[in-house]
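One structure is given here, and the rest of the page talks about it.
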Amino acid sequence: MKKLFAMALSGLLSAALLAGCASDTQPTATPDVSASLPAVSESVTPQPEESILPEESQQPEESIQPSEQPEETPSAQPSAKPTATPSAKPSAKPSAAPTTKPTAKPTATPKPTAAPTATPAPTPETSVVQSVWNEISALDMPMMTTVNDALLSSIYGINASDLVEYVCKMPAMNTTATEFFIGEVKDGKMDTVKAALEARQDALDEEWSKYLPEQYELVQNYQLVTSGNYVIFVISDQADEAVSAFNTYAK
């Protein structure tokens with residue numbers, strides 16, 4: 001009996017529950033579906049028009065932001081570079097260069113003190129014959145040519161072996177009779193050399209007596225002077241000056 005009573009109660013409870021569930025679901029399901037369909041159709045259509053307009057209006061607001069960025073980049077870069085480079089380079093170079101170079105050069109310059117001491121070398125002494133000719137060559141005279149040993153023997157009849165040193169000059173052109181002979185004669189040879197010079201004078205006298213009287217007058221006024229082993233023979237309009245120079249050196 002108890003089992004039957006329990007089963008009956010359970011059946012009544014289950015039937016009541018089923019009835020309550022049916023009453024709760026059926027009236028709410030039908031009106032909610034019919035009401036939601038028109039609401040969805042009306043709410044969906046206006047949304048794309050409202051969503052496009054705010055997006056277009058917001059896009060130019062976002063484009064304003066890149067204009068602020070380029071203003072920040074150039075202001076930062078140039079301010080950093082020029083401050084670093086000029087401050088480091090000029091401070092290092094001028095401090096090192098002027099301190100080292102001027103001190104080394106003035107110490108090496110006093111070298112010219114050695115050069116003047118070496119230059120005054122002893123000059124070789126000029127011989128008497130050359131000294132006399134240097135004095136005569138400074139005078140105003142026609143162009144002259146030098147007589148060598150062969151011409152001295154053929155023209156003057158003087159052997160160079162009888163002389164220690166000599167200078168013999170003849171005119172380069174045959175329009176003048178100017179001649180010079182200055183010599184240092186070896187011992188015992190003065191008479192031989194002097195005789196040869198007198199013979200040269202006789203030949204010139206005969207030659208110039210035939211033409212150019214002015215030059216012939218120079219030949220007639222020739223000078224032949226000896227001093228010890230030195231001799232001079234001169235035919236020139238400056239014969240006196242030549243003999244004066246000879247007497248200065250040949251003593």
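With the whole protein complex present, residue 217 retains an accessible surface near 100 Å², based on a 1.4 Å probe. Using the Cβ-Cβ distance between residue 126 and residue 199 with R0 = 41 Å, the FRET efficiency computed as 1/(1 + (r/R0)^6) comes to roughly 0.85.
Residues 179, 184, ordered by accessible area of protein heavy atoms at a 1.4 angstrom probe radius and largest first, appear as 184, 179.
Take the Cα of residue 143, step 7 Å toward its Cβ, do the same at residue 226, and the gap between the two points is 3.6 nm. At full extension, residue 160 and residue 241 could sit 26.5 nm farther apart than now, given 0.36 nm per residue minus the alpha carbon distance.
The values are calculated or read from the model by the stated rules, or taken from the named source; none is laboratory data. What you see is a predicted model, and the numbers here were worked out from it, not measured in a lab. Glycine also receives a Cβ, built like all others from the backbone with ideal geometry; neighbour counts cover every protein chain displayed. Side chains included, ligands, DNA and RNA excluded: accessible areas come from the protein's heavy atoms. Shrake-Rupley method; radii C 1.70, N 1.55, O 1.52, S 1.80 Å.
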